[in-house]
Amino acid sequence: MLEIGPGTGTFADSMLDFYKNYNLDLYRDCEYVFVEISPQLAEKCEETMRQNHKQLFDAGKIKIYNGSFFEFQKKINTHCFVVGLEILDNMPHDRLHIKDGKIAE
């Protein structure tokens, strides 16, 4: 799993808790990579993961990169889900542009 802009790690914490409670094998095998541009949020995310998912964190299966996603250089060689909840949330999705009576791109 690769999460872009995880903030404090709330989504990942909840998802990993779900795996831990309902599919322990998947929980133990998963790897979670965070890319967070804010140093303060990256630190809080790491704190949350260390506290709530110590087993994965200590095994090196949780990695937190503090920096821009555009500068992220890690190659992921397996199938991977990409999560960008805050990216979608911050896009201009609540605006409609109409030109000549038609919706314009």
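Restricting the stretch 18-68 to residues that are aromatic (Phe, Trp, Tyr) and out of contact with any strand residue (DSSP E or B) (no Cβ under 8 Å at 6 or more places or on another chain), the residue that is nearest to residue 5 (Cα to Cα) is 57. Of the residues making up the stretch 19-60, those that are out of contact with any helix residue (DSSP H, G or I) (no Cβ under 8 Å at 6 or more places or on another chain) and more than 22 Å from residue 85 (Cα to Cα) are 21, 22, 23, 24, 25, 29, 51, 54, 58, 59, 60. Just to verify a result, which residue in the stretch 13-41, among those that are without any contact (Cβ under 8 Å) to a residue 40 or more places away in the chain and of a type in the set (A, V, I, L, M), is farthest from residue 54 (Cα to Cα)? Going through the qualifying residues, I end up with 37. Do we find a residue being exposed (fewer than 12 other Cβ atoms within 10 Å of the Cβ), modelled with pLDDT of 95 or more and more than 18 Å from residue 35 (Cα to Cα) anywhere in the stretch 56-69? There is at least one residue in the stretch 56-69 that is exposed (fewer than 12 other Cβ atoms within 10 Å of the Cβ), modelled with pLDDT of 95 or more and more than 18 Å from residue 35 (Cα to Cα). Among the residues of the stretch 52-81, those that are hydrophobic (A, V, I, L, M, F, W, C), touching a residue at least 12 places away in the same chain (Cβ under 8 Å) and assigned to a loop (DSSP other than H, G, I, E, B) comprise 72, 76, 80, 81. Take the conditions out of contact with any Lys or Arg (no Cβ under 6 Å at 6 or more places or on another chain), aliphatic (A, V, I, L, M) and either open to solvent by 10 Å² or more (accessible area, probe 1.4 Å) or in a loop (DSSP other than H, G, I, E, B) (or both) and apply them to residue 49. Does it pass? So residue 49 fails the test.
Would you pick out the residues in the stretch 2-46 that are of a type in the set (A, V, I, L, M) and either in a helix (DSSP H, G or I) or more than 18 Å from residue 70 (Cα to Cα) (or both)? Of everything in the stretch 2-46, those that are of a type in the set (A, V, I, L, M) and either in a helix (DSSP H, G or I) or more than 18 Å from residue 70 (Cα to Cα) (or both) turn out to be 12, 15, 16, 24, 26, 41, 42. In the stretch 82-104, is there at least one residue being modelled with pLDDT of 95 or more, surrounded by fewer than 18 Cβ atoms within 10 Å (Cβ to Cβ) and assigned to a loop (DSSP other than H, G, I, E, B)? Looking for residues that are modelled with pLDDT of 95 or more, surrounded by fewer than 18 Cβ atoms within 10 Å (Cβ to Cβ) and assigned to a loop (DSSP other than H, G, I, E, B), one finds none in the stretch 82-104, hence no.
The values are calculated or read from the model by the stated rules, or taken from the named source; none is laboratory data. Values in this document were obtained by computation on a predicted structure and should not be read as measured data. Here the Cβ is made from the backbone with ideal geometry for all residues, glycine too, and neighbour counts use every protein chain on show. Quick note on the areas: whole protein, heavy atoms, side chains included, nothing else; ligands and nucleic acids left out. Shrake-Rupley method; radii C 1.70, N 1.55, O 1.52, S 1.80 Å.
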